[in-house]
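Asks: This structure is in structure tokens; I'll ask about it shortly.
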């Protein structure tokens, strides 16, 4: 009973406690099967605590169980499956993020350190990370704002079911997309402040020579803006005709400064 979760920061393999938490694991597996989690943000990352995802709006206030899609709005949430022997004792524990007692839907979290025992008995622990702990390290190191939202989006790209002990309900076939969805979910609330998950710094996109040329161009533009601001040129984008000698009339401040440098 395992799932491979591919994220923008790497892969995570999750083993599920299907025997002890059948309702929760069935919900998780079938949501993976209908590609519900594709594109979902890790909307909350609390360093050395938890990373939370599974809400297609990206706000932390949404999410639906697979039972809603199968049986209607009244089945949006399902009950807790809390066992005292399933604890938050180790990094990589996977549990349901819930709005209250018996209000489980699609959101879940992964713990980012050991011994978070004060969460025990409050959330349904239904699995654990079995492989690719380096991905958890990268998520834990994300830069976040005061609301613990990463400045650069971290997304679930795809989910792949490695083992599923539960039969598919007949209605599920209609919910499975023909192709695995790409990009952000259509329900996601736009946030233009964030860098998207595929953003790469310019110094990692270009070779040394190309980067130097870009930086020289930026320096030249900055210098032109300064000359425009002090009145030496009418426009920072101005260019003289190719067949005309360009003569610049200096601003008095600039002229005095040059005279002090070159008496």
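Asks: With each pseudo-label sitting 7 Å past Cα toward Cβ, what's the residue 130-residue 89 distance in nm, one decimal?
Replies: Taking the simple label geometry, residue 130 and residue 89 are separated by 1.9 nm.
Asks: For a paramagnetic label modelled at 7 Å from the Cα of residue 144 toward its Cβ, which residues of region 30-67 fall within the zone defined by backbone nitrogen distances under 20 Å?
Replies: Counting only backbone N, you get 39-63.
Asks: What does the C-alpha gyration tensor say about the overall shape of region 1-112? Classify as rounded when a/c is under 1.5, otherwise prolate if a/b is larger than b/c, or oblate.
Replies: Rounded.
Asks: Moving to a separate point now. Test of understanding: ordering 83, 123, 43 by Cβ neighbours within 10 Å, fewest first, what list do you get?
Replies: With the fewest neighbours first, 83, 123, 43 line up as 83, 123, 43.
Asks: Most exposed first by the Cβ proxy, i.e. fewest other Cβ within 10 Å, how do 195, 16 rank?
Replies: So the ranking, lowest neighbour count to highest, is 195, 16.
Asks: OK, next. Please work out the Cα center distance from region 70-87 to region 121-195, rounded to the nearest Å.
Replies: 19 Å
Asks: Report the extension gain between residue 46 and residue 189 in nm, rounded to one decimal, defined as 0.36 nm multiplied by the number of residues separating them, less their alpha carbon distance.
Replies: Extra length from residue 46 to residue 189 when fully extended: 49.4 nm.
Asks: Full extension from residue 172 to residue 137: what is 0.36 nm times the residue separation minus their Cα-Cα distance, to one decimal in nm?
Replies: 9.1 nm
Asks: How much length would be gained if the chain were fully extended between residue 163 and residue 70, taking 0.36 nm per residue of separation minus their Cα-Cα distance, in nm to one decimal?
Replies: Length gained, residue 163 through residue 70: 31.3 nm.
Asks: May I ask you to list the residues of region 51-74 whose amide nitrogen lies under 19 Å from a point 7 Å from Cα along the Cα→beta-carbon direction of residue 180?
Replies: So the set is 54-56.
Asks: I need 96, 1 ordered by Cβ neighbour count within 10 Å, fewest first.
Replies: Ordered from fewest to most neighbouring Cβ atoms within 10 Å, 96, 1 come out as 1, 96.
Each reported figure results from applying straightforward, stated rules to the coordinates on display, with no laboratory input. Keep in mind that what you see is a predicted model, and the values were worked out from it rather than measured. Every residue, glycine as well, gets a Cβ built from its backbone with ideal geometry; the counts of neighbours run over all protein chains shown.
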